[in-house]
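Scroll down for the structure; my scribbles are underneath it.
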Amino acid sequence: MIRAILWDLDDTLLAFPPAEGAALRLAMLRYGLPEPTAAQRANYARINLEFWETLERGETTRDALRVGRFVSFFAEDGFPKELAKPVSEAYEDYLSEQVFWVPGAREAVEHFHGRLRQYIVSNGSHPIQMRKLTVSGLDRLMDGVFLSEDLGAEKPSPLFFDKVLAALPDLDRRELLLVGDRLSSDVAGGVRSGIPTCWYNPEDQPLTIPEQPDYIIRSLDELRELVESM
C-alpha cells in the first residue's frame, strides 16, 4: 500500500525548458546582450544538462556549475566572458519566478492532497526551488520538501534517500512511490534505494540504464489509476 508520493519537481510537476528559456532571455537582456536565438537556447540547454549530469556523478560542485555553464555557453556562442558571472546570477533570479505546469500535474497533486502524503525530492538549488514552490502554490499542497543542497547529497546517491527516509520514520520505503522523469537520478536512485519507482516518460523514450523502474507512465493522469490499483 502506498502511503506517500515522492515527487521530482523539474519536468515532472513543473516544465523546465520554457522556464529555462524565459530566464535566459531576461538575464541576457538585463545586461544588454541580444535575445538568444532558438539555436543558442538549445545550446545553453545542452550545456546546462551536461553540467547537472556531472554534478549527479559527483564530478563538480554547485558553485562550479552555476558559473561554469555560462562560461562554457558564452565561450561557444561568442558572448563577452566578463558577463558570464553576472548573467548567471540574474538567470537564477529570473528562473525562480518562472512557473509552467507539466500537463496534468496540478490536477494530480490536488487529487492526492489529503489522500496521501506528498513530498518534493529535488536536486535543484534551494532558493530557486523554494521560490518556485511558493509561486506555483505547491508549497501548500506538499507535506515536506527534500532538496539535495540541504541534505548534502545528490540524487541518485543512496545517501540522499537514506536521509529522506530518516526524516520519515513512520513510513517504510515500500510504502513510498518515487515519481520522476530522469532515469539517471530518479529511477536509478529509487531502485538502488529499494523505493518503488514510477518513471514519468511522456515521450516514450527508451530505457538506457540497467535499473528497471517498477512502473512507467506517459501521462500523469495515469498515476491516479496506478496508485488506486496499488
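Take every pair of alpha-carbon atoms less than 8 Å apart whose residues are at least six positions apart; their mean separation over the length of region 33-122 yields a relative contact order of 18 percent. Across the chain, C-alpha contacts under 8 Å between residues 6 or more apart give a mean separation that, scaled by the residue count, equals a relative contact order of 24 percent.
Site pair Glu211 and Arg173 shows an inter-label distance of 1.0 nm when each label is modelled 7 Å from Cα along Cα→Cβ. By the equivalent-ellipsoid construction on the alpha carbon gyration tensor, the chain comes out with semi-axes of 32, 18, 16 Å, ordered largest to smallest. Ordering Ala64, Pro103, Phe161 by the projection of their Cα atoms onto the charge dipole of region 35-162, which places +1 on the Cβ of Lys and Arg and -1 on the Cβ of Asp and Glu, puts Pro103 at the extreme positive end.
With each label modelled as a point 7 angstrom along the Cα→C-beta vector, the Arg62-Phe100 pair spans 2.5 nm.
Label zone of Glu228 (point 7 Å out along Cα→Cβ, amide N under 18 Å): in region 1-43 this covers 1-5. When Rg and the Kirkwood radius Rh are both evaluated on Cα atoms of region 1-118, their ratio Rg/Rh stands at 1.07.
Every number here is computed from the coordinates shown, using simple stated rules; none is lab data. Since this is a predicted model, take the numbers as computed values, not measurements. When we count neighbours, we look across all protein chains shown, and the Cβ atoms used for this are built from the backbone with ideal geometry, even at glycine.
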